Each structure stands twice: as C-alpha cells, then as structure tokens.
1. Considering every residue within the stretch 339-352, establish whether at least one is assigned to a strand (DSSP E or B), on the phi > 0 side of the Ramachandran plot and surrounded by fewer than 23 Cβ atoms within 10 Å (Cβ to Cβ).
2. Go through the stretch 535-544 and give me each residue that's open to solvent by less than 30 Å² (accessible area, probe 1.4 Å) and in contact with a strand residue (DSSP E or B) (Cβ under 7 Å, 6 or more places away or on another chain).
3. Does the stretch 564-605 hold any residues that are open to solvent by 40 Å² or more (accessible area, probe 1.4 Å), touching a strand residue (DSSP E or B) at 6+ places or on another chain (Cβ under 8 Å) and not basic (Lys, Arg), and which are they?
4. Of the residues 143, 164, 147, which is open to solvent by 40 Å² or more (accessible area, probe 1.4 Å), in contact (Cβ under 8 Å) with a residue 60 or more places away in the chain and within 25 Å of residue 116 (Cβ to Cβ)?
5. Every residue in the stretch 176-186 that is touching a residue at least 60 places away in the same chain (Cβ under 8 Å) and assigned to a loop (DSSP other than H, G, I, E, B), please.
6. Would you list the strands (runs of 3 or more DSSP E) that sit entirely within the stretch 556-624 and hold 1 or more residues that are in contact with a His (Cβ under 8 Å, 6 or more places away or on another chain)?
7. Scan the strands (runs of 3 or more DSSP E) fully inside the stretch 207-272 and keep the ones with 2 or more residues being open to solvent by less than 50 Å² (accessible area, probe 1.4 Å).
8. If only one of 440, 412, 419 is in contact with a Ser or Thr (Cβ under 7 Å, 6 or more places away or on another chain) and surrounded by fewer than 24 Cβ atoms within 10 Å (Cβ to Cβ), which one is it?
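The values are calculated or read from the model by the stated rules, or taken from the named source; none is laboratory data. Not measured: the values here are computed from a predicted model. Quick reminder, even Gly has a Cβ in these numbers, built from the backbone with ideal geometry, and neighbours come from all protein chains shown. Surface areas here come from the heavy atoms of the whole protein model, side chains and all, with no ligands, DNA or RNA. Shrake-Rupley method; radii C 1.70, N 1.55, O 1.52, S 1.80 Å.
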Amino acid sequence: MSEQDGTSAGMGELAPGHAGAEELVHEDDSVIGRAFWLSLAVIAGIGVVVAVAWWAARPAPLGREGSTARVAPPKSMPRLAASPPATPFTRIDSAAGIRFERVNGADGRKLMPETLGGGGGFVDVDSDGDADLVLVDGDRWPDGPKDGARGQGVVIHLNDGKGDFTLAADTGLERPLQGMGFAAGDFDSDGRTDLAITSVDGVRLYRNASENGRVLFEDVTSAAGIDDKGWSTASLFFDADEDGDLDLLVGHYVKWSPEIDLAVDYRLTGIGRAYGPPLGFEGTQLSLWRNDGDGAFTEVAEPSGLHVKNTATGAPVAKTLGLLVDDFNGDGRPDLFVANDKTANFLFVNEGGGKFRETGAAAGVAFDRSGSATGAMGVDSARLRSPNELAIAVGNFANEPTSLFVDRGARLRFSDDALVEGVGAPSRQLLKFGTLFTDLDLDGRPDLVSANGHLEEQISVVQSSQRYEQPAQAFWHAPPGSERTFSEIPPRSLGDLAVPLVGRALAAADIDGDGDQDLLITQPAGPPALFRNDQKTGNHFVRLRLRGKAPNTEAIGARVECVTDAGTQVQWVMPSRSYLSSNELPLTFGLGGATSAKARIRWPDGTEQQLEPGIDRLVEVTQP
C-alpha cells in the first residue's frame, strides 16, 4: 500500500465481484471477538502483561514519509465525578412547516450516489438575520423508469425568526439534479450569500439576486467560467490566496458512471447486488476555483499543490467526502483537511501565496491508530481543554471508531486519541456521516455529535449487529479535571434525537432565537429531520454575527476568542463543516454560569478588534 492510496480492507461486509458473484468479506463483531481472545491466548506465554502495556503506550503508526511522535494526553489527571446534563431534542420538521421529501432515484440497480447524497443546512438567504433552510434534492436517473419521481433541485424554506418555515417558490433553483451538497458564501461581495451546488454531474454556481423580499438565484456557472464535471461532493468557500475574496474548493469522490458502477458489481451474501465501498473505483483530484474578482473563476488546484497522486502509478487517489478549513499550525493562515473514504486523509498546510503542501502522514492524520485508512465521511475541528489543544473529529464507517486526532500544542503532531478520550468504543458500531462540534448545553465546552445510518437497507440480514436506520450520537465535553474529555450522552437524555433514522448531513443553527443550537439531519431519501434544542440548563451565551469589509462581507475565515473567568474559547467563521452541510454564520459561545465575557476578533485581513458583547442575545459586529 503506498502512502497516498491507502488501499486497505473495504467498507466491511461488501465485496466487488463479477456479475452473479456473491461474497462476504467482513466478519461481524462476534467473530472479531473470538479472534481477539484467541490472539491473547497465543501471546500469553511470552509476556502478555508487557505486551499489552507496550501496546497502550506505543507511538501512533507512521505514514510512509516522515515520522510522527505521539503526544500523550495529560497524565495523573484527577478523576472528577461528572455526568452529562439532560439535553432533550424535539423533532419539529413537519410542525415547523418543512415540506420536502428527497428523491434519490433508487430503481433497484443500487447505484452508489443514491445512498450518499442528501445535503442540507442553514443559510440566511433573504438577509433578514435568521437561519433559513437549504435542502439539496436528488432525481431519477436519465435511463431509469420514466414514471419515477422527479427531484426539485434545491429547495429553500424561509425562517420567520421563531423557528417556523415557509416554502420559497420560484427561486431559480428548481432545476432537477442528482444533488449532493452545497457551499455558501458571498463570492461577488454584494452582501448576499451565494450558493455552489455539488452533484453527480458537476458543480453549479448560483448568484443570490434576492431583493424586495423575493428570494431569487441566478445560474452563473458558465458566465463564471466554472467547468467542474464529474461526481462532486464536499465544497466550501474560503480565501485560499489571501487576496480578500472567496475562492471555491470542490472535493470529488470517485471516477463514476452507471456503467462503471454496474461493472464493479458489489454483492451482499444472500441478498445480491448492493451498495459498495469506493475500492473498486479510480480516485479523483480536488478542484480549486480562484476568484478573479470580476465574477470569473480560474481552476488552480494543481499549481496550488492540491493534486495528490499515487507515487507508484501517478494516478489520482483522493476519494473525498469531507472538507475542513482551520489553522492547524497556528500561523494565522487557513489550512485544509480532506477526509477521504478508504484512502489516506490529507492535511494541506498553507505556505502563503496560494500554495499548499500535503503533510497528512507526517502530521499523524492520514490513517487511524492502527495505520489503516478509514471510511472517512464527515469532519469538524474544535479546541478542547485549552486554545492550544486542537482536535479533528472524523466520522468513519461501521465497525470503525470515530477518529479524534488531537494536537496538544505540538504543532502538526496529532495522535488518534478517540479511545483514551471516551469517543472510540461507543462510536465503533455505528456508521457515521455528519460529524459536528457544537456546544449543546451552553456550558462553554464543544460537544461532539454524529448523524448515523447504514448504506444498505437489508444490512441486518447479514450483520445482526447493524441496522439501516441508526440513532444520532452525542458526546458531552466533560469539565476540566475529568478522567476523559468526552462522555456519551445517554439516549434517554436526547429525546427525539435518539430515534433511529438514515442520517447523512448534519448542521446546526439557532432557528428560534433562544440561544442554543438546534440541529438538522438529512436522509438520502425521504424527509429531513429538524430538531429543536430544549435544554433547560439556564446557562448563558454570547452570539456574534460578524460583518466584514468587502470583498469578504461575511468575514469567512475570521478567528474569534471568547474570554471568561473560566477560560478562552476559540471558533472560526467557517460555515462549511460536517458532511455535505452548511452551518449558520453567527458564532455561539456558551458561558455556563458566567454573566460577562470579552471577545477578541482577528478579521480575515489580519486586523484585530476587542469588545465586551452583551450576553444572552445576538450581537452584530461590523469590521472597523
């Protein structure tokens, strides 16, 4: 296996074969358990105690380049008895006026895009200050049954500010497509949020032309010079070359067509054709569309250093489902993390001037703790116990724990600490897609949420431990001094959020103006699930909406510190996180019992500002 292709075992129970072949390559948990105890018996005679101790303390596996020293979590930490508070959620999509049933085009052929799509999230499309809902539909296949349901393109529901929604009509987005996700950002600097839509057939760019209360978008894909074909997945707007305006980064999954999919022919033992992993498909490359400032874009991914090839064959290896921007080395520039499915993850360090260098293996984030590439889907980052403790969470496939790559101030020296920090074992069984850090109870510490659901409707027939519909999972960020950073919130404390569904996109916003974070989870087919956060902790909060100077009117890429007596929280203005999702632009900082806070803002152009915002309300801050 080369450093970059990461060709390890596939997505578990699925295996490629010729037409008519049926093969089962994944043993379920009971078989794994028997193998584990057998292994222990074999090594018992040669010093099991010593071996186990060495295993627990060993360094994280190295990539094929460089070396990665494991940075151990703090030792001799006092154990503090603490348990998660009740954080109940109530599902309200139907009651709130959401009228949407996603079409995925499934017609029995089991084509991969049918089960991976379903983007959604929150964008203030009408510039009235609240979070509207954007949902990306699928469509029937061109060669499928002619009586199959058609998709609606991109569907918008407008928020009245209290969490009630109205379907927006004639928005200009009603062009059917086999959609995946979207990115939101004001690329033309007119103060209105534009949209880039990803799909099986490429990218579409829509300029927000709304005015006088009417929501209207114009397709400017051709006029902008964007010609991004193939299966595009995650995308985001950010200032890649630090010239002030927003560029567009697009991830692609695999080289795909219905003919290729049918030829690969994945099978599930006892069932027949099934949705499969990406191992039988060729990889792809990222696209970076540089904003030229005049409404046009130029593709510059390769000269920017964002193309990664197999060192042996020269073939592209990316199979991207998640993208993330953060400052991973603390130099103030936006770096990139790329979550790839069953191949090595990438971490691109921004070297300035629009140039990036791939350092995933050397930084310790390319593979999991055992040195294997995971089925990586959604991704997010947060600061944990201190502003210098940076964590990257990656939602992985079933029977793979969520990855929690933690850098404890060593600068690009991450170790996968999911097991020691309380996330690994509870997350292992579920198939994770949307992955998001958000402070559910406003105590000032980022919690971790995942949206879960399997690919295959009949998975329980061949794996008794798996279900197609799966509950969302939430991990409470415990107080300082606790034995582990995270503790799973019991399902009984999550209300409707613990009811199983087929989760894909996961996004957060305060839809009803009460200060806490409400959640959206989409499904590949059927209705989305909108959850109102009904926590009653009484904790205070600060909410900040940043208004930047043109050309970056939404201050995407701004860094904000919220300082209280309890410590410092750090967040970035970056709506594109999780999986095929966009989150609201305002930042929410939980204060716990604190009644005052100070904010330090580093605007995207490097200028800084300090203020003392009021608490328990949304404060708008305009760049001086």
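1. We begin by selecting, within the stretch 339-352, every residue assigned to a strand (DSSP E or B); these are 339-341, 346-352.
Now narrow it down to the ones that are on the phi > 0 side of the Ramachandran plot: 352.
Filter once more, keeping what is surrounded by fewer than 23 Cβ atoms within 10 Å (Cβ to Cβ): 352.
There is at least one residue in the stretch 339-352 that is assigned to a strand (DSSP E or B), on the phi > 0 side of the Ramachandran plot and surrounded by fewer than 23 Cβ atoms within 10 Å (Cβ to Cβ).
2. First, pick out the residues of the stretch 535-544 that are open to solvent by less than 30 Å² (accessible area, probe 1.4 Å): 535, 541-544.
Hits for the stretch 535-544 are 541, 542, 543, 544.
3. Quick first cut of the stretch 564-605, residues open to solvent by 40 Å² or more (accessible area, probe 1.4 Å) only: 565-566, 568, 571, 577, 585, 593, 595-596, 598, 600, 602, 604-605.
Now restrict to residues that are touching a strand residue (DSSP E or B) at 6+ places or on another chain (Cβ under 8 Å): 566, 568, 571, 577, 585, 593, 595-596, 598, 600, 602.
Within the stretch 564-605, 566, 568, 571, 585, 593, 595, 596 qualify.
4. On the way: 164 fails: within 25 Å of residue 116 (Cβ to Cβ); 147 fails: in contact (Cβ under 8 Å) with a residue 60 or more places away in the chain.
When all the criteria are applied, what remains is 143.
5. Those that are touching a residue at least 60 places away in the same chain (Cβ under 8 Å) and assigned to a loop (DSSP other than H, G, I, E, B): 178, 186.
6. Values: elements: 559-564, 567-572, 587-592, 598-602, 608-611, 618-622.
Answer list for the stretch 556-624: 587-592.
7. Working: elements: 217-219, 232-238, 247-252, 266-268.
Strands (runs of 3 or more DSSP E) meeting the threshold: 232-238, 247-252, 266-268.
8. Numbers: 440 fails: surrounded by fewer than 24 Cβ atoms within 10 Å (Cβ to Cβ); 419 fails: in contact with a Ser or Thr (Cβ under 7 Å, 6 or more places away or on another chain).
When all the criteria are applied, what remains is 412.
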